[in-house]
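First comes the structure, then the notes that go with it.
The values are calculated or read from the model by the stated rules, or taken from the named source; none is laboratory data. For clarity, every value in this text was computed on a predicted model and none was experimentally measured. Backbone-built Cβ (ideal geometry, glycine too); neighbour counts: all protein chains shown. Just the protein is used for accessible areas: all its heavy atoms, side chains included, with ligands, DNA and RNA removed. Shrake-Rupley method; radii C 1.70, N 1.55, O 1.52, S 1.80 Å.
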Amino acid sequence: MITVNPDGKIMVRRCLVTLRPFRLFVLGIGFFTICFLMTSLGGQFSARRLGDSPFTIRTEVLGGPESRGVLRKMSDLLELMVKRMDTLARLENSSGLHPEAVSRGLDSLSPGAGLAPRCAIAQNVSDIAVKVDQILRHSLLLHSKVSEGRRDQCEAPSDPKFPDCSGKVEWMRARWTSDPCYAFFGVDGTECSFLIYLSEVEWFCPPLPWRNQTAAQTAPKPLPRVQAVFRSNLSHLLELMGSGKESLIFMKKRTKRLTAQWATAAQRLAQKLGDVWRDQKQILVHIGFLTEESGDVFSPRVLKGGPLGEMVQWADILAALYILGHSLRVTVSLKELQSNLGVPPGRGNCPLTMPLPFDLIYTDYHGLQQMKQHMGLSFRKYRCRIRVIDTFGTEPAYNHEEYATLHGYRTNWGYWNLNPKQFMTMFPHTPDNSFMGFVSEELNETEKQLIKGSKASNMAVVYGKEASIWKVSGKEKFLGILHKYMEIHGTVYYESQRPPEVPAFVKNHGLLPQPEFQQLLRKAKLFIGFGFPYEGPAPLEAIANGCVFLQSRFRPPHSSLNHEFFQGCLSARQVFSQHPYAENFIGKPYVWTVDYNNSEEFEAAIQAIMKTQVEPYLPYEYTCEGMLERIQAYIQHQVGGPLLPAQSQGHQGGAGGLCGTHGLCRWELRRFLTSASWGAERVGSVPVVTVLWRPRRLQVPCDSTEWEMHHLYPAMKGQALSLAPACAGRDLQGVPSSCEGR
């Protein structure tokens, strides 16, 4: 029988009683040490993040290598102590405690025995506490010296070239935590971080002298010039367009169908241009109305007769840009847009993390809003590179923010302060904007001869795929007249039952795929519109397939003043018919515009149309070649710059160097002038260029002049000169337009 010394029992019991609290104490010391490691060496670690952020102060503790050696020894010692505590823990948790096991456990703590292990552990913990205290004191001393040395260098400077600096610093003090993007750029609540951010990321403060060597960012080298080469294979473009949406599927099918015509047009244009050098551009195409964030109301309606005009135009824009040889990126989601632009994480208040890698950005109003929301000040810096696809156009009066505010033209979509030429329309409404257009399928000579033999002289097709279009008042009356002379066909979408809006005498084919719809048009004599939709591509397609287009004349003309559809549009243009371009630029015998409420006029037009023979006709500007020629001219020659002679303010690296102080660009304004004098003035907070126009080239005598905020072309009335709100509008604020007859 083995006997155990009573003193030994007492010692073991005391160890077991005090073991758990002691382990917690040791683990607490270890946790504190790890936290200190992360804090004291945080500067060294953070210097490896985000391209060596210039806003993190690096801390050297105990001369670098010495500090790392001490901390490594501390880490090894803590690891050894934890292992030994685990050994005692297993003894403590065992159900049967034997003296031999206790003896072996105590012997394992150190080469000695008895109370020696506890003494050694206590001494080690004491040494750790001393080392930690020394490191902490040294770190705080270094930080204090750095702060004292730079305190006088981190005060907001009083520089007349940067008048907004102090105000921006005050704003940062109060709101720098409002957006995580500030912390992303290194702002940490200190004065130095505010000034560094406001001078190096934004441009409201002057550069700090002591930052020149370490934080100065060298301008990226421009990419070497690459010649744009015409392409004929569109398979890669189809991959760029993506998938997953009915709208994208429709666009890809259209592009495939027109591939041969695009290739032929590219060959013709290449022969015209000869050896002319064309720069390849880096182009981003962001179709904002297809993003989920904008609601994407178009995709679900593609297969239900919804409007397709926007998707037709976007498909043709993508094809033209790609065939012209430019480098494209296509985005249809906000996440993709942010990734391609280099948007920092946060709520969109900070500039981009890199210079904009694109020469041009094509987008719509939804995309424009998304870019402004997420690009911060970079939106102002790069907005001259943006081209906005805008179906109905934007008049300058709605675009210029202060003018719109003063004269009551503010809307939910306006006042972007872009140059009016940056808005690109579907039809050539006005010289204020740029005409982008789209493409209609062009028939070859063989197809034209086949149409001549297959045309029915008494067949009409109604323009309207949605049943709601057929709810027009007075429909029964004029359709009844048409039915006396022609067989009427419709292509109205329905699911199970015939739409009740479609009269029984109309032969409804349902919604047809585009190739089948084209075949129907090639048989028909007449394509008739009910007054809506406005200015779509279908009438041009019908005329190109040998149809006559009959449309309603509006009395009074439709506009934002009297018609719900145009309310909120950025134009006061008056629309006198369903398709003004077809009426004014094509006209008879292809286009007939009559008053549907006048039965005699309507019937006489039907009789005349039945006697008229027309050939398939397509204006050059809506052929593939015409669109390629137009877009290539825009890309190579429509270059943005400051409005003459705009003077930039503040930091030279700011927005003024790209788009001018108020974001307007120099285009072909000079061609209207033979001489001009100008000066700078300020209206409110907006600098305005005051120009005395002398339009001698226009041969307009001007005995007097009137001064106004100048943001568009001059307009004349009699012998007085003033600035009209737009060429497209009429009589806005009592000011006449100068664009009659254009």
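Brief remarks on what is shown
- Verdict on Gly464 being at positive phi and crowded, with 17+ Cβ neighbours inside 10 Å: yes
- Scope segment 321-341; condition open to solvent by 10 Å² or more (accessible area, probe 1.4 Å) and either without any contact (Cβ under 8 Å) to a residue 40 or more places away in the chain or not hydrophobic (A, V, I, L, M, F, W, C) (or both); matching residues: Tyr322, Ser327, Arg329, Ser333, Lys335, Glu336, Gln338, Ser339, Asn340
- Among the residues of this structure, His489 does not count as one that is closer than 24 Å to Ala608 by Cα and open to solvent by 70 Å² or more (accessible area, probe 1.4 Å).
Conditions tested, residue by residue: (1) closer than 30 Å to Arg383 by Cα; (2) modelled with pLDDT under 95.
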residue: Asn417; (1), (2): yes, yes
residue: Val439; (1), (2): yes, no
residue: Ser454; (1), (2): no, yes
residue: Tyr463; (1), (2): no, no
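- A single member of Gly348, Gly393 is touching a helix residue (DSSP H, G or I) at 6+ places or on another chain (Cβ under 7 Å) and more than 20 Å from Leu321 (Cβ to Cβ), and it is Gly348.
- Residue in segment 473-480 that is among the hydrophobic types (A, V, I, L, M, F, W, C), under 15 Å from Gly529 (Cα atoms), open to solvent by less than 20 Å² (accessible area, probe 1.4 Å) and in contact with a helix residue (DSSP H, G or I) (Cβ under 7 Å, 6 or more places away or on another chain) present: yes
- Being among the aliphatic types (A, V, I, L, M), open to solvent by 30 Å² or more (accessible area, probe 1.4 Å) and over 17 Å from Thr430 (Cβ atoms) holds for only one residue in Leu540, Leu561, and it is Leu561.
- For segment 293-317, the tally of residues that are more than 30 Å from Ile635 (Cα to Cα) and either free of Cβ contacts under 8 Å to residues at least 12 places away in the same chain or open to solvent by less than 10 Å² (accessible area, probe 1.4 Å) (or both) stands at 5.
- Any hit, segment 454-464, residues being closer than 30 Å to Met371 by Cα and of a type outside the set (Lys, Arg): no
- Some residue of segment 214-235 being of a type in the set (Val, Ile, Thr), touching a residue at least 40 places away in the same chain (Cβ under 8 Å) and within 30 Å of Ile196 (Cβ to Cβ): yes
- When Glu516, Glu583 are screened for being surrounded by fewer than 16 Cβ atoms within 10 Å (Cβ to Cβ), without any contact (Cβ under 8 Å) to a residue 40 or more places away in the chain, out of contact with any Gly (no Cβ under 8 Å at 6 or more places or on another chain) and within 23 Å of Ser440 (Cβ to Cβ), only Glu516 passes.
- Checked against (1) open to solvent by less than 20 Å² (accessible area, probe 1.4 Å); (2) modelled with pLDDT of 95 or more, Asn399 passes all but a single condition, namely (2).
- Subset of segment 613-637 [modelled with pLDDT of 95 or more and among the polar types (S, T, N, Q)]: Thr623, Gln632
- Taken together, Gly529, Gly546, Gly510 contain a single residue that is of a type in the set (Gly, Ala, Ser) and over 30 Å from His429 (Cβ atoms), which is Gly510.
- Residue within segment 242-260 that is in a helix (DSSP H, G or I), open to solvent by 30 Å² or more (accessible area, probe 1.4 Å) and of a type in the set (A, V, I, L, M) present: yes
- Candidate set from segment 299-320 (those that are among the hydrophobic types (A, V, I, L, M, F, W, C) and touching a Lys or Arg at 6+ places or on another chain (Cβ under 9 Å)); member that is farthest from Leu512 (Cα to Cα): Ala320
- Condition check for Gln497: outside any helix (DSSP H, G or I), without any contact (Cβ under 8 Å) to a residue 12 or more places away in the chain and farther than 21 Å from Ser454 by Cα: yes
- Applying the set (1) surrounded by 14 or more Cβ atoms within 10 Å (Cβ to Cβ); (2) modelled with pLDDT of 95 or more; (3) not aliphatic (A, V, I, L, M) to Gly640 leaves exactly one unmet item: (2).
- The residue that is nearest to Pro180 (Cα to Cα), counting only those in segment 325-352 that are assigned to a loop (DSSP other than H, G, I, E, B) and in contact with a Phe, Trp or Tyr (Cβ under 7 Å, 6 or more places away or on another chain), is Gly346.
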